[in-house]
Amino acid sequence: MAKAAASVVEEVNKAGGVLGRRVVLVSEDDQTSPEAGVRAARKLIDVDKVAAIMGTWASSVTTAVAPLCWESKTFLCTVSGADSITLLPHQGFLVRTQPNSRLQVTRVGEFILSLGAKKVFTMIPQTPFTQSTFDILGQVLPKGGATHQSLIYDDKKTTYRTEVDQALRTQPDLILANGYTPDTVVLLKDLYRAGFKGKILGFAYSINQKLIDQVGQPEVVEGVYNFAPSPAEGSGAYERVKAAVGSANPDPYTSQIYDHTNLVLMSMALGKAATGQAIKDNIRKVTQGGGKLVDNAVDGLKAIAAGEKVDYSGASGPCDFDDKGDILDCKFRYEQIKAGKFTLVKIA
């Protein structure tokens, strides 16, 4: 994500910057911790005087950082998915390119039904999206004739065998492993040791190559599915992200922060001010409502300088937002681990 953001800033600075000034990108590590995130945000706002903070990932971090942003009129672009985030009183100083929990969980519920599952069990730690996950699956799965049960586990434990035994007593044919990478590693091993033979599905932010490497046993992860919002594969913006990060398959979050950076810089240019207020007032004007189609800030800035209206479509998709700051729609990518590698099931 850092490389993608830096690549945009470098290209823009080479082309003359924004409003005749060089763009400065400052990075801080939130350590996936609300406390560390608040310290980092406070430094960025008070010391570095940034106009925007981009790329907050964990929903708990975004929830903690958001009040600092709207109170200081610093714009916040996030990739967090919890529904509660855009319900905060952010006064328009927040957008997210990550689909919210309702859109994500609805799609995962539909995918579960497409796999033919009839008895689904969700195992999840306590997160800002835990209850909404239960609620949404409870609405979606019965429409396809499936039942749903769940439990919340402590993600700091070193074994989940007790929780696994509790889940398996319900005889599920699919388990939604809805944690993060470290706890999902433990969970998959315990499911394998317990002899679970059904399907396993989880989010791609946890079931990833790092998880495969940490599990270290191909048989444990064989056949496991993951899913994630899909980048706009084949687009010019996505090709730029691939080149910037040196990867043939950049993850959705890397694609999204590439878009954050482009949107923020074009919004400043259109608003003629390097401020959070200018970004808030103009971010929808550069990405929806028609105009010249652009997929990078350099082209967008040239068009804006020439008095043209622009319509940005980026590496993560169209980047159209509703009044709350939620992305309106996107495609999703579904994969399955086969022989230690992720293979595409479908994009829909």
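Things worth noting here:
- Yes/no for residue 51 being closer than 23 Å to residue 321 by Cβ, open to solvent by less than 20 Å² (accessible area, probe 1.4 Å) and out of contact with any helix residue (DSSP H, G or I) (no Cβ under 7 Å at 6 or more places or on another chain): no
- The set of residues in region 1-24 being open to solvent by 50 Å² or more (accessible area, probe 1.4 Å) and either under 28 Å from residue 206 (Cβ atoms) or among the basic types (Lys, Arg) (or both) consists of 1, 2, 3, 14, 21, 22.
- Applying the condition of being open to solvent by less than 20 Å² (accessible area, probe 1.4 Å) and part of a helix (DSSP H, G or I) to region 69-86 and asking which residue is nearest to residue 9 (Cα to Cα) yields 69.
- Some residue of region 164-172 being modelled with pLDDT of 95 or more, closer than 17 Å to residue 83 by Cβ and in contact with a Gly (Cβ under 8 Å, 6 or more places away or on another chain): no
- For beta carbons closer than 7 Å, sequence separation of 6+ or different chains, a first residue in region 33-48 that is open to solvent by 40 Å² or more (accessible area, probe 1.4 Å) and a second that is among the charged types (D, E, K, R), the qualifying pairs are 43/28.
- Any hit, region 54-64, residues being in contact with a Phe, Trp or Tyr (Cβ under 9 Å, 6 or more places away or on another chain) and within 14 Å of residue 276 (Cα to Cα): yes
- Residue that is open to solvent by 10 Å² or more (accessible area, probe 1.4 Å) and under 23 Å from residue 99 (Cβ atoms), where the choices are 323, 299: 323
- Condition broken by residue 152, with the remaining ones in (1) at pLDDT 95 or above; (2) open to solvent by less than 20 Å² (accessible area, probe 1.4 Å); (3) not small (Gly, Ala, Ser) satisfied: (2)
- Residue within region 224-238 that is within 26 Å of residue 114 (Cβ to Cβ), of a type outside the set (Ser, Thr, Tyr) and more than 20 Å from the chain's Cα centre (by Cα) present: yes
- Out of 177, 194, 167, one residue alone is farther than 26 Å from residue 251 by Cβ and surrounded by 22 or more Cβ atoms within 10 Å (Cβ to Cβ). It is 167.
- Residue list for region 276-300, filter: in a loop (DSSP other than H, G, I, E, B) and either among the β-branched types (Val, Ile, Thr) or farther than 20 Å from residue 13 by Cα (or both): 283, 284, 285, 286, 287, 288, 289, 290, 291
- Restricting attention to region 306-320 and to residues that are part of a loop (DSSP other than H, G, I, E, B) and charged (D, E, K, R), the residue that is most open to solvent (accessible area, probe 1.4 Å) turns out to be 309.
- Some residue of region 327-334 being at pLDDT 95 or above, under 28 Å from residue 213 (Cβ atoms) and buried (at least 16 other Cβ atoms within 10 Å of the Cβ): yes
- Residue check for residue 291: more than 21 Å from residue 77 (Cα to Cα) and either open to solvent by 10 Å² or more (accessible area, probe 1.4 Å) or touching a helix residue (DSSP H, G or I) at 6+ places or on another chain (Cβ under 7 Å) (or both): yes
- Being part of a loop (DSSP other than H, G, I, E, B) and farther than 30 Å from residue 106 by Cα holds for only one residue in 248, 269, 273, 303, and it is 273.
- Verdict on residue 259 being modelled with pLDDT of 95 or more, touching a strand residue (DSSP E or B) at 6+ places or on another chain (Cβ under 8 Å), surrounded by 16 or more Cβ atoms within 10 Å (Cβ to Cβ) and charged (D, E, K, R): yes
- Figure legend. Inter-residue proximity from region 76-88: first residues of a type in the set (Val, Ile, Thr), second residues modelled with pLDDT of 95 or more and in a strand (DSSP E or B), beta-carbon distance below 6 Å, spacing 6+ or different chains. Indicated pairs: 78/56; 78/96.
- Tally of residues being part of a helix (DSSP H, G or I) and either open to solvent by less than 50 Å² (accessible area, probe 1.4 Å) or among the aliphatic types (A, V, I, L, M) (or both) across region 87-106: 6
The values are calculated or read from the model by the stated rules, or taken from the named source; none is laboratory data. Just so it is clear, the model here is predicted, and its values are computed rather than measured. Heads up, the Cβs are rebuilt from the backbone with ideal geometry, glycines too, and the neighbour counts pull from every protein chain shown. In case anyone asks, the SASA skips ligands and DNA or RNA and just uses the protein heavy atoms, side chains included. Shrake-Rupley method; radii C 1.70, N 1.55, O 1.52, S 1.80 Å.
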